[in-house]
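Here's the structure we're looking at; comments come further down.
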Ligand code: EPU
């Protein structure tokens, strides 16, 4: 992606559907016996790859990217091994263990991949599935799971994990008896998945709190559902407005889900307005330095940490960003430093001494959000920035260059 920096962004953009809701919802369609339609599904690489996995499992999955509509008919689905190539292309492939176990009593799924931002073990997922009665082995890079029928259980997650919370819900909906997930993640996408499942006939209460109760259902039917909007996609555009001294309105968002982002942008000196389903950020001059600590929802999201760091690299004064979820999410710091940022990683924190300009140069995206952060740094910097490794960005953002261009950015994918 080649970016010519220095242009303030202005205009209106729509947030996409939420990646981290769409992927578990796609997995959830396999739990039902009838067709489902998902709307507002983002046209991103992870969705395309997940569609391929659904088809390998025998489901009829038809995705219309222009309409953002996915139709899934899982009535002919059957267990099948998932190739390493597909499972490793993302994190969310782990959901296929729980849904196949629940529906077919067996599953074989390679260990997931996804962003290399930390060790990212799946011990809590496996602990929960075992508590529901599954026998699980991990051999040759593959999770192999079996169960006659899953049964409800009381499950305490040792840490707040979005993936393990959603995975446990997915596995428990067809189990015999009641499951309670304690210390559950409270992210809005947990609620979105629960709402879809309840519309299919499941009985889930407490999603959005730290205790979720799932009463097992005999069978689920399909339904129509609209994926909630992507707070991180929206946050990326709002931070882009701030870093370029622009004026951007992001539509089709749930402003309440963006509270931490809005609060930090205000602290940084931007004007932030919101109403109904939009948020507007207007900024001029350099931002102010501040402190950010990532935490599970409703704390500041780790997936917006890198983008915030790009903004703070240009702030007046000092900032400190503390990452509490992933030990390697500062891997992209040397790339920002290449552009002239003054950053020093000290354990779980990065200390930032703001500079008045970043200079474009070739940099490398190491994960989805690091790639987005480097694009933002390029937009707010001077001269030409070339971000390599754009495939990472395309796993999670729909047409990022095109949407930034519509706001006035000078950005193009080199092979376009
Ligand atoms: N963890 C464990 N054991 C587990 C599960 C998680 O130790 O069994 C740890 C993780 O290593 C991490 C913390 O718990 O330190 C939280 O991880 P969580 O399970 O919440 O994350 P995830 O399910 O692996 C999802 C998103 C990530 C997002 C996190 C946090 C998907 C496909 N991925 O990952 O999205 O950062 O939740 O919100 O839903 C992204 O979109 O860029 C991205 C990385």
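The values are calculated or read from the model by the stated rules, or taken from the named source; none is laboratory data. Since this is a predicted model, take the numbers as computed values, not measurements. Quick reminder, even Gly has a Cβ in these numbers, built from the backbone with ideal geometry, and neighbours come from all protein chains shown.
Results, tabulated for the structure shown:
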read-out	value
Per-region count, the stretch 316-328, residues buried (at least 22 other Cβ atoms within 10 Å of the Cβ) and in a loop (DSSP other than H, G, I, E, B)	1
Test: residue in the stretch 47-58 that is out of contact with any helix residue (DSSP H, G or I) (no Cβ under 9 Å at 6 or more places or on another chain), surrounded by 17 or more Cβ atoms within 10 Å (Cβ to Cβ), at pLDDT 95 or above and closer than 23 Å to residue 198 by Cα	no
Residue list for the stretch 173-191, restricted to those being crowded, with 24+ Cβ neighbours inside 10 Å and either assigned to a loop (DSSP other than H, G, I, E, B) or within 16 Å of the ligand (Cβ to nearest atom) (or both)	173, 181, 184, 187, 189, 190
So residue 145, is it buried (at least 19 other Cβ atoms within 10 Å of the Cβ), within 16 Å of the ligand (Cβ to nearest atom) and either assigned to a strand (DSSP E or B) or at positive phi (or both)	yes
Subset of the stretch 342-356 that is away from the ligand (no atom under 16 Å from the Cβ) and either modelled with pLDDT under 95 or out of contact with any strand residue (DSSP E or B) (no Cβ under 6 Å at 6 or more places or on another chain) (or both) - its residue that is nearest to residue 316 (Cα to Cα)	356
Any pair with Cβ under 6 angstrom, 6 or more apart, that starts in the stretch 366-395 at a residue that is more than 17 Å from residue 5 (Cβ to Cβ) and part of a loop (DSSP other than H, G, I, E, B) and ends at one that is at pLDDT 95 or above and more than 16 Å from the ligand (Cβ to nearest atom)	389/364
Matching residues, the stretch 329-371, being more than 21 Å from residue 395 (Cβ to Cβ), under 24 Å from the mean Cα position of the chain (by Cα) and crowded, with 23+ Cβ neighbours inside 10 Å	350
Top-ranked residue of the stretch 283-305 - restricted to ones that are over 21 Å from residue 372 (Cβ atoms) and in a strand (DSSP E or B), ranked as farthest from the chain's Cα centre (by Cα)	288
Elements of type strands (runs of 3 or more DSSP E) contained in the stretch 27-112, each with 3 or more residues being away from the ligand (no atom under 15 Å from the Cβ) and within 22 Å of the chain's Cα centre (by Cα)	36-39, 60-64, 69-73
Subset tally (residues that are out of contact with any strand residue (DSSP E or B) (no Cβ under 9 Å at 6 or more places or on another chain) and surrounded by fewer than 16 Cβ atoms within 10 Å (Cβ to Cβ)) for the stretch 209-220	3
